[in-house]
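The values are calculated or read from the model by the stated rules, or taken from the named source; none is laboratory data. This is a predicted model, so every value here is computed, not measured. Here the Cβ is made from the backbone with ideal geometry for all residues, glycine too, and neighbour counts use every protein chain on show.
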């Protein structure tokens, strides 16, 4: 696995006109952009906390550290947020099937009870 473990920024910017300030931060506790060697990492949205209320946002990012062949990325490893999760649709389908079975059984039982006491004309 290849990943970024340290991220540092230094910024000189005047948020107020004429007041140039220096901003910096460092985070050494990361396992960011983790992918197998030769694979690329892709994620639609990653937020990294840098301390002192600063967050770095990476949007629509795709990176690869090594083994870039013919200027093309390797196989893509998606971040957890972008991986398809089918648990909710499967749970909804199971519940709907159970409800249909219960309704059919209730209909058959109620129809059988009706015909026991009465005769058709």
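The table below gives the values:
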{"read-out": "Any strands (runs of 3 or more DSSP E) falling wholly within the stretch 18-107 and containing at least 1 residues that are in contact with a strand residue (DSSP E or B) (Cβ under 8 Å, 6 or more places away or on another chain) and closer than 14 Å to residue 1 by Cα", "value": "32-35, 40-51, 54-63, 76-78"}
{"read-out": "Residue 85 without any contact (Cβ under 8 Å) to a residue 60 or more places away in the chain and either exposed (fewer than 13 other Cβ atoms within 10 Å of the Cβ) or not assigned by TED's automatic domain parsing to the domain that holds residue 24 (or both)", "value": "yes"}
{"read-out": "Counted residues, the stretch 1-11 - those being in contact (Cβ under 8 Å) with a residue 24 or more places away in the chain and either closer than 21 Å to residue 80 by Cβ or in a strand (DSSP E or B) (or both)", "value": "7"}
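Residue-wise test of (1) modelled with pLDDT under 80; (2) under 30 Å from residue 26 (Cβ atoms).
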{"site": "56", "(1), (2)": "no, yes"}
{"site": "75", "(1), (2)": "no, no"}
{"site": "95", "(1), (2)": "no, no"}
{"site": "98", "(1), (2)": "no, no"}
{"site": "101", "(1), (2)": "no, no"}
{"site": "105", "(1), (2)": "no, no"}
{"site": "110", "(1), (2)": "no, no"}
{"site": "113", "(1), (2)": "yes, no"}
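Residue-by-condition table, conditions (1) free of Cβ contacts under 8 Å to residues at least 40 places away in the same chain; (2) at positive phi; (3) surrounded by 15 or more Cβ atoms within 10 Å (Cβ to Cβ):
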{"position": "13", "(1), (2), (3)": "yes, no, no"}
{"position": "23", "(1), (2), (3)": "yes, no, no"}
{"position": "27", "(1), (2), (3)": "yes, no, yes"}
{"position": "33", "(1), (2), (3)": "yes, yes, yes"}
{"position": "37", "(1), (2), (3)": "yes, no, no"}
{"position": "45", "(1), (2), (3)": "yes, no, no"}
